[in-house]
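Single-structure report; data block below.
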Amino acid sequence: MTQHDHPHTRQHASTWKLSIWLLRLCGRGEEVKIVLGVLLLLGGSAFALLQPWPLKLVVDSVLGNHDAPAAVTHVTTWITHLMPWLFTNNEMALLLILCTGILLIQLLMGGLTVLSTYILVAIGLRMVFRLRCRLFDHLQRLSLTFHDTTTVGDSLYRVTWDTYCVQALFNTGLIPALLSSFTLLGITGIMLYVDWLLTLVAVAIGIPLLILIRQLDRPMRDRSLRAAQRDSDISTRVQETLSSIRAVQAFGREASESQRFGHDADASLRAKLRLTVLQSGSQAIVGLLLAVGTAAVIGIGAWRVLQDVLTVGDIVLIVSYLAMLYKPLETLAYTAATVQNAAAGASRVLNILNQTPEVRDQVGATPLPVKTAGPITFDHVSFSYNTGKRVLNDICLEIPAGQTMALVGHSGAGKTTLVNLVIRFYDPTQGHLRLNSTRLQHVTLESLRQNIALVLQEPVLFCSTIRENIAYGRPQAKNDEIEAAARAAGAHDFILSLEHGYETQIGERGVTLSGGQRQRLSIARAFLKDAPILILDEPTSALDSTTEQQVLEALQRLMKDRTTLIIAHRLSTVRDADQIVVLQDGKIAERGTHTDLLKLEGHYARLYCTQVGIQSSATREVPI
């Protein structure tokens, strides 16, 4: 994103400046089509300006005694001489010409309008597509700090619904405003040609109308923003409840959740009602102003006809144009309300685009070589979240390439945070991490994460086929490579037992599979990625003993010749680690091999004895 593109300086801009900036951002590459669509639309509007003229000529020249324009008279005379058996006088020929003209004007106007509408609406939808893609891509790249403090439902609403703001700004904001302005200029010019006094009276009503629009700008935008936020709260509530539906039903909390949803829905209802009251009130005032203008024009126009200054046809023409004049004025007034609604969504979208990833590639960052296995070094690393309390404090560690380090300790000791620093989900508050002597901040995120495979306690699976889930880290992998990874993970046999094998569609988060099956698919994914660094975050803690043993066998194969960092609560799973680090309150309490730590008779020994059911932690009583 260039400096010109960055929305940070636009966040507090006026509605129209914000709108124009967003349209420029999303409309790049559409300039030629926009010009074509606008020209076609203006062409249709130009034909619309001709609509009242046939009626004026019918009143003045067919029904009245006034002469038609010279060009029309010439055509009428020509048709009368061409078809004397059909037309006995010029008036009948003129009537045919004028009626035919009404049809031709409508036909041309309708055709141009349909074509321009298709082009311009397609442009608006492509703008939504670009904004959605940009927002979704930006959301994915934001650091976990942002996602830790933002609900999924809110982000979902912004991507799904708030992005329509750009289409609303373009198709129901900018284009109607442009068309209305063109129509106003055309009608004003024609009306000035007919009678300057009536024109001034008609146009004067636009002054209080513009004042009204300006006064309603901020309150309309504020209420639209609050209404959008309340809708976002509903989306968040639905997402949270349905994603936790098992817990909701297990605890019998359906009525409570319905009550909470009703509270959010009521807040949305009230916000929408307040917005509607403001909109309908402004529309009523607009209608009153337009009625005042209409009454004034009709009254003054009739008076000038009585003075023989204007003809009856002139009044018909003026009244017709008056309706056409006030329609774009009314459109401009309503467009202002539409723009305010859209601007509220635009503000919410730009609020996300303004967020800068805390973890990102630094200027001059270089890619890591493929298959960089380590060593991984923690150099006086400390870390704290936004609360300010240190989660890690002065950690100094080194994991030699190809070796396994296990992290143990009570919940909240800092194990997962330490692992997150290796993946660069977060950056240290103090100190540095190095991989193969290079600081992690000096290498690109993509190359770092290409060298790391991750197996979590709760496997992350997607609503897709088993084959696509295994190949998530290497989408270009061949079928035989995917199956080889599944065999290595001990998943091949159960996959073949499914009705569609590797093409079996699994539900969201893999809910149609057992815990052991999901974990083996996660391990197969890590096998296929074949990264030199492996991170295991309590991969067996949620499994029964039989399934755990099967998964451990697969993990032992996966860990071979890889630099491995494993978090474990079950200490029996890390006995063979090259180094075990005990974390306590964000600090290293102990470190060493399984045997060494038991001999210390410290924190690790007490944890181990508790898990194996031994009362004393004396070394001689502990089965090593």
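Just the residues that are surrounded by fewer than 18 Cβ atoms within 10 Å (Cβ to Cβ) and more than 40 Å from the chain's Cα centre (by Cα), please, taken from the range 280-293. First the steps, then the outcome.
If we filter the range 280-293 for residues that are surrounded by fewer than 18 Cβ atoms within 10 Å (Cβ to Cβ), which is where we start, we get 280-281, 283-285, 287-288, 291-292.
Result: Ala291, Val292.
The set of residues from the range 381-394 being crowded, with 18+ Cβ neighbours inside 10 Å and touching a Pro at 6+ places or on another chain (Cβ under 9 Å) comprises Val381, Phe383, Leu392. Residue check: Gly409 meets all listed conditions (1) farther than 16 Å from Pro532 by Cβ; (2) surrounded by fewer than 18 Cβ atoms within 10 Å (Cβ to Cβ) but one, namely (2).
Among the candidates Gly501, Gly516, Gly592, which residue alone is within 25 Å of Ser464 (Cα to Cα) and surrounded by 15 or more Cβ atoms within 10 Å (Cβ to Cβ)? I'd like the intermediate steps shown before the answer.
On the way: Gly501 fails: surrounded by 15 or more Cβ atoms within 10 Å (Cβ to Cβ); Gly592 fails: within 25 Å of Ser464 (Cα to Cα).
The unique qualifying residue is Gly516.
For the range 278-294, the count of residues that are at pLDDT 75 or above, under 27 Å from Gly186 (Cα atoms), assigned by TED's automatic domain parsing to the domain that holds Leu174 and touching a His at 6+ places or on another chain (Cβ under 7 Å) is zero. Every test in (1) crowded, with 16+ Cβ neighbours inside 10 Å; (2) under 29 Å from Gln450 (Cβ atoms); (3) without any contact (Cβ under 8 Å) to a residue 60 or more places away in the chain is passed by Gln556 save one, and that test is (1). Within the range 414-457, the residues that satisfy the criterion of being of a type in the set (Gly, Ala, Ser) and surrounded by 21 or more Cβ atoms within 10 Å (Cβ to Cβ) are Gly414, Ala453. Residues in the range 191-233 that are charged (D, E, K, R) and at pLDDT 75 or above: Asp195, Asp222, Arg223, Arg226, Arg230, Asp231, Asp233.
The range 370-416 holds strands (runs of 3 or more DSSP E) entirely within its bounds, and those carrying 2 or more residues that are touching a Ser or Thr at 6+ places or on another chain (Cβ under 6 Å) map to 376-384, 390-399. Contact list please: Cβ distance under 7 Å, first residue in the range 342-369 and among the acidic types (Asp, Glu), second residue assigned to a helix (DSSP H, G or I), pairs at least six apart or on different chains. From the range 342-369, the pairs are Glu358/Thr145; Asp361/Leu445. Looking across the range 376-401, the residues that are under 12 Å from Arg434 (Cα atoms) and of a type in the set (Asp, Glu) come down to Asp379, Glu398.
The values are calculated or read from the model by the stated rules, or taken from the named source; none is laboratory data. None of these values were measured; they are calculated from a predicted model. Virtual Cβ from ideal backbone geometry, glycine too; neighbours counted across all protein chains shown.
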